[in-house]
1. Rank these residues by their accessible area, most exposed first, probe 1.4 Å: B:114, B:168.
2. For chain A, I need the span (max minus min coordinate) of the C-alpha atoms along each principal axis, in Å, sorted largest to smallest.
3. For the stretch A:124-192, just say rounded, prolate or oblate: build the C-alpha gyration tensor, square-root its eigenvalues into a ≥ b ≥ c, call rounded for a/c under 1.5, and beyond that prolate if a/b exceeds b/c, oblate if not.
4. For the stretch A:130-140, just list the computed ³J(HN,Hα) in residue order, Karplus coefficients 6.51, -1.76 and 1.60, θ = phi - 60°, integers in Hz, with x standing in for Gly and Pro.
5. What is the residue of chain B with the smallest Cβ distance to the axis taking B onto A, and what is that distance in whole Å?
6. How would you classify the stretch A:77-190 from its alpha-carbon gyration tensor, with a ≥ b ≥ c the square roots of the eigenvalues: rounded for a/c under 1.5, else prolate if a/b is greater than b/c, otherwise oblate?
7. Go ahead and set up a Gaussian network model of chain B, Cα springs under 10 Å, then flag whichever of B:139, B:110, B:11 fluctuates most.
8. Given the -39500 (n - 2.57) contribution per DSSP H run of 4+ residues, what per-residue ellipticity at 222 nm results for chain B, rounded to the nearest 500 deg cm²/dmol?
There are 2 protein chains.
Amino acid sequence: MARTLAFNQHEAIEKALDVFWQKGYHGTSMRDLTDAMQINSSSLYNTLGDKHQLFIHCVKHYTLKRRLLLEQRANSFKSPKKALESFIQDVADVVIKDVQGCFAIKTAFEVSPEDKGIKALLKEDNDYTHQFLSRLIREAVRKDELDQDCDAALVADHIICTYTGWYELYILHQDPVKIKKLATYLVRQLLR
Amino acid sequence: MARTLAFNQHEAIEKALDVFWQKGYHGTSMRDLTDAMQINSSSLYNTLGDKHQLFIHCVKHYTLKRRLLLEQRANSFKSPKKALESFIQDVADVVIKDVQGCFAIKTAFEVSPEDKGIKALLKEDNDYTHQFLSRLIREAVRKDELDQDCDAALVADHIICTYTGWYELYILHQDPVKIKKLATYLVRQLLR
DNA sequence: CAAATTCTGAAACAATCATTTCAAAATTAA
DNA sequence: TTAATTTTGAAATGATTGTTTCAGAATTTG
């Protein structure tokens, strides 16, 4: 048998993700990646593949991480209405903390129009969030916390679309108050 | 005196815009541009400047064009409420027609986090739309077509954020019905 | 027409791009 | 320890990047 890998793959992917996140797919060079990952290119190609395959790893890593975060927080609420409120406010906080925007959204606009594979991954991620939200909404309706005639799937899409726009607004204006106001506005709009 | 330019600058910029729009800033090479513009690179550098300057031309061209379109349509309504409704539905139609998303939004995510010049241009464009919408909303409030306690600036931001998300959703799902439903939902949400 | 001036085309530029090569170092199991 | 196997580092790959060069074609004014 032979020696084992001298670097941690997960850590390497996380570092690569940081670079892709900041510079975008086309704006990132292999040198940027090997510098940040502190791996020689031959090792990189031998283990994680070429630039595109590495990018896929990063997308999967990112979406999985978010998914776990979402599931983790999902069970900590008794009232679905409260859970929805908290979800929206949390997204607003993430938007404000993330100066460079959401990696999935950036990738959706930069890469996925011309890359079906990446698009499929992002769609899957989007569908997951959509399911999470619409389930929450349906529960809220059942518990009479929301209007009976409310279309859960539609409202879920609406929420997702709205906070997508927050990212762009924050990139352009960097105004945390504005984002927070929009979040409370969205909550009040939905839950009355 | 000497000969005049052998190509139309506006047409050349429009062709360059098409390429940048489709491939993004970093995904576009100078060869892509000279091929599409049918101009030799020396002519390009002599007249419009380097890649970055050309990109600025494209952003300015795009935002100006949208601005004119907006102003042109603004005066064709008597009721501000009807104008708002029509604006939102029109945006939905644009989203559906544009398979590759809005150039300004794509650029906001790809370029402007690291390019203050481009960011300033996009912010200016965003502010213009914001002014346009908030003025319309204020008029609607004055004419009692909207709630008196409605914060015009906030609602304008909300509308802009929402339809930004439509672009992403359409890139991922390519479902026109979904976008139209979201548009009518937004309208009903606002104007009740 | 002629002289002046500017634009154009093709080639060349160095730099960087993603990727590959391969010998040597490193590690494992026997 | 030895033989087998894999990772690693540094260099080299050819292609492509953005940009420049410059001689000659083109066009305008006088």
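The values are calculated or read from the model by the stated rules, or taken from the named source; none is laboratory data. Note that this is a predicted model, so its numbers are computed, not measured. For neighbour counting, all protein chains shown are included, and Cβ atoms are generated from backbone atoms with ideal geometry for every residue, glycine included. All accessible areas refer to the heavy atoms of the entire protein, side chains included, with ligands and DNA or RNA removed. Shrake-Rupley method; radii C 1.70, N 1.55, O 1.52, S 1.80 Å.
1. B:114, B:168
2. Its Cα atoms span 62, 42, 29 Å along the three principal axes.
3. oblate
4. Values per residue, Gly and Pro as x: 4, 4, 4, 6, 5, 5, 4, 5, 4, 4, 5 Hz.
5. It is B:26, 2, counting Cβ atoms only.
6. Oblate, because a/c is 1.5 or more while a/b does not exceed b/c.
7. B:11
8. When only DSSP H runs of four or more count, the value is -25000 deg cm²/dmol.
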